[in-house]
Ligand code: ITT
């Protein structure tokens, strides 16, 4: 019997969004840290789906070694920002762009700089998110969500994380860093991918 979801992420911004979206599943949602798992995972897949599966399987293996695999679905998200006029960069390398430890203030300033002189209509971009779920019996599911937007001309807003301050959502007239958590979750790539995953989970757990 599945009783909890262990989410394989070390990103505190993600776990907050994920816990809010999965709150109505009737399952306990804990981060891998809360589950006592600490593992360095090499995300060497070439797609978001592959990387999400790599993270989920690695954490599932650790839980199995700890004897805690039986009642947990392990889920992970891999996501990124794709900027059209930069041929989809930074894409699956979004977290590693300019180095994992470089601040997002610097990364965001760099991307804005690379788009200097690019007019509004060509500043199109999207956040993409793949979610993977690995079940105790070895079954695996994936889902994907997207949000379309444009790269702004300066950082705006202080909510969210990562590239949110430069990702402008035309429908709101604001960046995702200027949206409340509830507004972002309703329209975001992660929100969409998790809603799709919830539909698949409900079908399986019926
Ligand atoms: P985990 O692997 O531990 O989950 P991570 O931050 O390394 O955390 P990813 O490998 O999925 O996560 O990298 C995704 C990067 O894409 C993330 O660090 C941000 O830079 C960016 N990103 C993804 N979703 C975002 C969002 O909702 N808002 C802003 N930036 C986002």
- request: For residue 110 paired with residue 19, estimate the spin-label separation in nm (one decimal), with each label point 7 Å from Cα along the Cα-to-Cβ line.
  value: 3.1 nm
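Neighbour counts of other C-beta atoms within 10 Å: give me 79, 56, 180 arranged from fewest to most.
Ranked by crowding around the Cβ, least crowded first: 180, 79, 56.
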- prompt: How far is helix 189-205 tilted, in degrees, relative to the longest principal axis of the Cα atoms in the chain, given as a value from 0 to 90 rounded to the nearest 10?
  reply: 20 degrees
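Compute the projected area of the convex hull of the Cα atoms of region 1-40, averaged over all viewing directions, and report it in nm² to one decimal place.
Orientation-averaged projected area of the Cα hull: 3.0 nm².
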field: Among 193, 171, 130: highest mean-square fluctuation, GNM of the chain, C-alpha pairs under 10 Å
entry: 171
- prompt: In degrees between 0 and 90, to the nearest 10, how far off the longest principal axis of the chain does helix 12-22 point, with axes built from Cα atoms?
  reply: 60 degrees
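How much length is gained if the chain between residue 120 and residue 182 is pulled fully straight, taking 0.36 nm per residue apart and subtracting their Cα-Cα distance, in nm to one decimal?
19.6 nm
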message: Given 10 °C and 1.306 mPa s, compute D for the chain with the Stokes-Einstein relation, Rh being the Kirkwood radius over Cα pairs; round to the nearest whole µm²/s.
response: 91 µm²/s
task: For the chain, set up a Gaussian network in which alpha carbons nearer than 10 Å are linked by springs, and say which option among 76, 121, 95 fluctuates the most.
output: 121
- prompt: Among rounded, prolate and oblate, which fits region 80-133 when a ≥ b ≥ c are the square roots of the eigenvalues of its C-alpha gyration tensor, a/c under 1.5 means rounded, and a/b larger than b/c means prolate?
  reply: oblate
Relative exposure of 84, 77, 164, 40, judged by other C-beta atoms within 10 Å (fewest first): 40, 84, 164, 77
- prompt: Say we join alpha carbon atoms closer than 10 Å with springs in a Gaussian network model of the chain; which of 175, 102, 142 then has the biggest fluctuation?
  reply: 102
message: Please report the equivalent ellipsoid semi-axes of region 87-206, computed as sqrt(5 x eigenvalue) of the Cα gyration tensor, largest first, in whole Å.
response: 30, 16, 13
message: Give me 30, 146, 134 sorted ascending by neighbouring Cβ count inside 10 Å, so fewest comes first.
response: 146, 30, 134
task: Send over the Kirkwood Rh of region 138-204, from the inverse of the averaged 1/r over different Cα pairs, rounded to one decimal Å.
output: 12.8 Å
message: Compute the helix-to-body angle for 104-114: its Cα long axis versus the longest principal axis of the chain, expressed 0 to 90° and rounded to tens.
response: 50 degrees
Zero-based 5 Å bins, Cα pair distances in region 101-168, whole percents: 3, 14, 21, 19, 14, 10, 8, 6, 4, 2, 0
statement: Here, residue 101 and residue 49, labelled 7 Å along Cα→Cβ, have an inter-label distance in nm of 3.6 nm
- prompt: Which percent of Cα pairs goes in each bin when the distances of region 24-117 are cut into 10 angstrom slices starting at zero?
  reply: 14, 36, 28, 17, 5, 0
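Rule-based calculations on the coordinates, nothing more; no lab input. For clarity, every value in this text was computed on a predicted model and none was experimentally measured. Virtual Cβ from ideal backbone geometry, glycine too; neighbours counted across all protein chains shown.
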